[in-house]
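Derivation of every value follows stated rules applied to the coordinates shown; laboratory data play no part. If you're wondering where the values come from, they're calculated on a predicted model, not measured in any experiment. A quick note on method: Cβ atoms are made from the backbone with ideal geometry, for glycine too, and the neighbour counts reach across all protein chains shown.
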Amino acid sequence: MQNASGQVIKNKQLYLGTDFNIGNYKGFDIHLNYVLPNRYTLKMGYTGNLRKPLSQPDDYQSGLIDVFLLGLSRPFDQMETYQLGFGKILPFNHQKNIRAHLSVGIGYTITKEPHNWQRDGGGWGSGNYTWDYNKYRSFSFVINPRIEFPFTRIYGLSISPMVQISKNRTYYGIGIGQMIGKLKEKKSVE
């Protein structure tokens, strides 16, 4: 008769990363990374980016209300991507405090862009144009290699170029961020 017992996977690594991005858009990236056996990774994340609208008229003015709303009433080209990535971690040195995290994946991208700009006389506080938004949805291919610096077992920094290619728009840029969670395996004492 055999005894059945559950197995505990030792040295699981799970960490959260947050990046600020700059490129043809500006924004942020947040992602959860799970390190599988043999340093393969599974990544789920969200990227939110904005930029000045490419279609914005040259004489657009936001108005006084925008000052009180800290710029939030202005129109923006917006790009959001929900991602699922797969990758592999490759250490650069024996201390494992510098490593490459090569990751590619798929994404679901939502793009919003202002259009139909209409000149508006407006009052003293509002802008001089009104607009509508076009919204596009598409799947995207995401390439996101990272150089990670896990300084401790639970905290590190990263630098990461990113390219998101979709039918409607392409994002390219670089992110600088931090990682929090279980980043390294516990050193075994023998």
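Couple of notes before you dig in:
- A simple rule links phi to the HN-Hα coupling: the Karplus curve 6.51 cos²θ - 1.76 cosθ + 1.60 with θ = phi - 60°, which for the range 109-117 gives 10, 10, 10, 10, 9, x, 8, 6, 5 Hz, with x for Gly and Pro.
- Taking only the Cα atoms of the range 132-190, the radius of gyration and Dmax are 17.3, 66 Å.
- Compactness of the range 13-181, expressed as Rg and Dmax over alpha-carbon positions, Å: 19.4, 66
- 14 Å beta-carbon shell around L50, net charge (K/R +1, D/E -1): +2
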